[in-house]
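The structure appears below as structure tokens.
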Amino acid sequence: MEHVISAENLTLAYGRDEPIITEAQMKINPNEFVFITGKSGSGKSTILKSMYGELVPKRGDLKVCGVNIKSITSSKLNVLRRYLGIVFQDYRLINEWTVEKNVMLPLMIGGFSKGVCLKQAQKLLKHVKLLHKADKYPLELSGGEQQRVAMARALAHNPVMILADEPTGNLDEYSSEVIWDLLKNAREHLGTTVVVVTHHIPSTLGIDYKHFFLESGVVYEVS
Ligand SMILES: Nc1ncnc2c1ncn2[C@@H]1O[C@H](COP(=O)(O)OP(=O)(O)O)[C@@H](O)[C@H]1O
Ligand SMILES: [Mg+2]
């Protein structure tokens, strides 16, 4: 099968600034578990941004789920994003909506019936051990709980690939464990491709993974 991500000589830059990433080669296979590491400011979030089509490559090629990001139209981008689950470091939940409605969001966008959305949201909230908080609002939850809601939301529509930016960055041990378990299970049972930016690769994961390390604009594959 085709790669989920295929980057060839990928160069990323903001406007006319010096490139952040230069001539990167990256191949990510379906169902792979991938870590991206590197010092703060090395370009980890920038790479994820390009993978969900928020930053167009300066040079080189980037294909995500077979779609060429360089020449993508906004309607094609909307379709592509339905195949992706995205988790930001700062959660980005909708604070005026209940936890349950937040998780239902990608399904509602997908046009599923209310009953289906509700059932799926409850299933995911159970996976992140937050079913008892379904009717709460995000700001009534701890940071770790909010990040688990964000993770449930990103997986609700069963994405081909989840892109997570330091999802366990500031979390306590329990919430981190819930999140690693969830990502591991999504890969194992749903076939999800998992791409995670992290500053610490957990030693207890017990699965094979691919590791890209960023330094001075260069992407190294660590083996
Ligand atoms: N929107 C932006 N405009 C200009 N420069 C940016 C922007 N976002 C990030 N950068 C710069 O790109 C570099 C890499 O940032 P980032 O990808 O966020 O690093 P990391 O996630 O590894 O900490 C930094 O030098 C940062 O200042
Ligand atoms: Mg970052």
- Query: Does SER42 satisfy being more than 27 Å from MET104 (Cβ to Cβ) and within 14 Å of ligand 2 (Cβ to nearest atom)?
  - Reply: yes
- Query: Quick check: is even one residue across region 64-77 closer than 15 Å to ILE162 by Cβ and more than 16 Å from ligand 2 (Cβ to nearest atom)?
  - Reply: yes
- If you check LEU48, LEU93, LEU80, which single one turns out to be within 16 Å of ligand 1 (Cβ to nearest atom) and aliphatic (A, V, I, L, M)? LEU48
- Would you check which residues across region 16-44 are near ligand 1 (Cβ under 6 Å from one of its atoms), surrounded by 19 or more Cβ atoms within 10 Å (Cβ to Cβ) and either assigned to a loop (DSSP other than H, G, I, E, B) or within 13 Å of the chain's Cα centre (by Cα) (or both) and list them? ILE20, SER42, GLY43, LYS44
- Task: Identify the residue in region 122-173 that is within 16 Å of ligand 1 (Cβ to nearest atom) and of a type in the set (S, T, N, Q) and, among all such residues, is farthest from the chain's Cα centre (by Cα).
- Result: ASN170
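Matching residues to (1) more than 19 Å from LEU48 (Cβ to Cβ); (2) touching a residue at least 40 places away in the same chain (Cβ under 8 Å); (3) among the hydroxyl-bearing types (Ser, Thr, Tyr):
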site: PHE88; (1), (2), (3): no, yes, no
site: LEU105; (1), (2), (3): yes, yes, no
site: LEU118; (1), (2), (3): yes, no, no
site: LYS133; (1), (2), (3): yes, no, no
site: LYS136; (1), (2), (3): yes, no, no
- Does any residue of region 62-73 turn out to be on the phi > 0 side of the Ramachandran plot and within 16 Å of ligand 1 (Cβ to nearest atom)? no
- Task: Report, by residue number, each residue of region 49-74 that is of a type in the set (A, V, I, L, M) and assigned to a helix (DSSP H, G or I).
- Result: MET51, ILE69
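FYI, it's all coordinate maths here, none of it is from the lab. Worth saying up front: this structure is predicted, and the values here are computed from it rather than measured. Glycine gets a Cβ as well: all are built from the backbone with ideal geometry, and neighbour counts include every protein chain shown.
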